[in-house]
1. Give me the accessible area per residue for the stretch 5-194, probe 1.4 Å, as a whole number in Å².
2. Hey, any idea what % of the stretch 112-255's accessible area is carbon plus sulfur with a 1.4 Å probe?
3. Over the Cα atoms of the stretch 419-616, Rg to Rh with Kirkwood Rh, two decimal places?
4. Report the convex hull volume per residue for the stretch 214-334, counting only C-alpha atoms, in Å³.
5. Give me the extension gain from residue 513 to residue 8: residue separation times 0.36 nm, minus the current Cα-Cα distance, reported in nm with one decimal.
6. Could you give the alpha-carbon Rg of the stretch 140-292 over 2.2 N^0.38 Å, rounded to two decimals?
7. Would you kindly calculate the mean projected area, averaged across all directions, of the convex hull enclosing the Cα atoms of the stretch 458-531, in square nanometres?
8. On a full-extension model of 0.36 nm per residue, what is the gain between residue 477 and residue 498, subtracting their alpha-carbon distance, rounded to one decimal in nm?
Amino acid sequence: MGKIHVLDKVTIDKIAAGEVVERPLSVVKELMENSVDAGASSITVEIKDGGISYIRITDNGSGIAKDDLENAFLRHSTSKIRSATDLDTITSLGFRGEALSSICAVSQMEVITKTPAEMMGNRVVVEGSEILKIEQTGAPDGTTMIVKNLFYNTPARRKFLKTAQTEGAYIASLMERMSLSHPEIAMRFIVNGQTRLQTAGNGNLEDTLYRVFGREVLSDCMPFHAEEEDVAVDGYIAKPALSRGNRNFEHFYINGRYIKSNLLSKAVEEAYKTFVMQHKFPFVVLKIAMPPSQVDVNVHPTKMEVRFADEPALYDLLVRTIRHQLSHQDLIARSPMVDVKEEKKLREEETKKTVKPEPFESKKLEMLKHFVRETSPYEPKFQRPVQPVYQPKPRQSEPAKKESTDDKAVQQTLFSEDYHFLKPESVKEHRIIGQVFETYWLVEFHDSLYIIDQHAAHERVLFERTMKELNRKEMSSQTIAPPLMISLHEHERLLLETYRQQFETLGYVFEDFGGNEVLIHQVPYNMFGLKDKELFLGLLDELDEIGANETPQIVLNKIAMMSCKAAVKGNQHLSEKEARHLIDELLTLENPYHCPHGRPTIIEMKKTEMERRFHR
Ligand SMILES: Nc1ncnc2c1ncn2[C@@H]1O[C@H](COP(=O)(O)OP(=O)(O)OP(=O)(O)O)[C@@H](O)[C@H]1O
Ligand SMILES: [Mg+2]
């Protein structure tokens, strides 16, 4: 008796209904998820023409038995759940029993599959939901699905597709996410005959991160682990310097499933709030493991949205633990000065060194071509028992099963944090070399060169000092003599009027001089640079960006932040003694690594990096 069966009506009615095949991306996602569910340790995805004319997914998983073949293409047929109650404890990526039926309805499909128990494999040809042929064929264990000419019979839907390049780019980013979600599966992505991405499948997330995003990104990522009750979160969070202009680099996985979640995005952004610039989004790869009963994946047909049983607890756990890690880590942005060409070559070389994900693949393709009717001599190299997707408290940081020594060396240098530039005891070892471009201070320490942006650092120092004084209500002022007379435009006068109270809290003292003229008698202590007319007007202009609904406290913070920026601008020159003092003061700060606007204050360039650049 087959394993795949059609679900009963009660269960069908409980499953979120809707179309899942929107574009080539959806086909690849559904088929890859089937391969993961089939326990594959190796998956190859090949596309041509952005996946519109050709998609091939080959895995070495469990295969589909002959008895199950016809059922597999029926609507609501699945081997993954039996009844509605199973929906509460889903451990597989698929469960709706709809993907294959939806895909075969709008394409020309060919499937070659073999289970380990069978002597021979089977080949099925399906077109527009109709099974045209089922025949025996020699094939290795596993499944190959080929989907040709998507939407060939529904031209209206085909019209909505974008260019092959754009559709291909969507699939490329899916491949990145899938690789990160399952580092234990060797994945390979071939576009128009060329391998674009290849992962080792050694179970090591660090290694996968490196292969997907490269050295520069990895060098600014920190391993992350948090655990509370039966929820575990593992992965990497990046230093704020790596922030991006959109949310595409917030990667969330729940029990091995890639998801999009407003809740998780909000939590992460809240944790990074004071560390990144406004309108910038952090780079994170977070894998959450929790009992399947606590997360509902049956929310939307694409299974990309989930509902958590205890949203506040998860939100709180993430905000608290990420913020804690950010506040207690060396957040200096590493500056590997990556030569893009060189980096690409290096990665390609590493990719070549990778164990080929499918040593059997070429043989398999050859066989598919000729439909050789004999048993396959193939002995699978990878044997992975079919695992449930949720495993309580997995540790991503587990040592890699098979890791090349080269890879190890790379990771060790990237993550060694034995010394700390900003530890008070390190100060005596700083060797200040001097200033360049009237802006950057160069400091040698251990085997690195640190570059400090004087303005960003100064701004941070002023800002933290000001905020501390404000909190303690200890703001003091400094008199400008003679007072500064400023003529304001009507708009500027209104702005000053609106925010006058916050200005005064900070230590400004104004006097209306009649008409649109204002005298500034005092500015906040330490912000002597503000005695410049232009700077004060610039500051007023920036106030325009403050939204009408902001709380008085937020307005105060913003004015303080802008005042610091303006004050620093007016104070260009620093002697070496002052620079030393500035570094000393940075040491005492809560967040010395970024100016209040999120720009880095310090970057690091390693000696090894320089040597590499000089080909030493
Ligand atoms: N690559 C594969 N290897 C082994 N079995 C497969 C593979 N792809 C599909 N199947 C079998 O075919 C069945 C139908 O697949 P289909 O994707 O339509 O449904 P599903 O995965 O059960 O649910 P969903 O619609 O949520 O994806 C699966 O339940 C599984 O038994
Ligand atoms: Mg499926």
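1. Dividing the accessible area of the stretch 5-194 by its residue count gives 37 Å².
2. Numbers: 2520 of 5300 Å².
C and S fraction of accessible area: 48 percent.
3. That ratio equals 1.05.
4. Cα convex hull per residue, to the nearest whole number: 103 Å³.
5. Working: separation 505, 0.36 × 505 = 181.80 nm, distance 8.26 nm.
Full-extension gain reported as 173.5 nm.
6. Working it through for the stretch 140-292, the quotient is 1.19.
7. Working: hull surface 20.4 nm².
Its Cα hull, projected and averaged over all orientations, spans 5.1 nm².
8. So the extension gain works out to 5.5 nm.
The values are calculated or read from the model by the stated rules, or taken from the named source; none is laboratory data. In this text the structure is predicted, and so the values were computed from the model without any measurement. Heads up, the Cβs are rebuilt from the backbone with ideal geometry, glycines too, and the neighbour counts pull from every protein chain shown. Accessible surface is based on the protein model in full, side chains and every heavy atom, while ligands, DNA and RNA are left aside. Shrake-Rupley method; radii C 1.70, N 1.55, O 1.52, S 1.80 Å.
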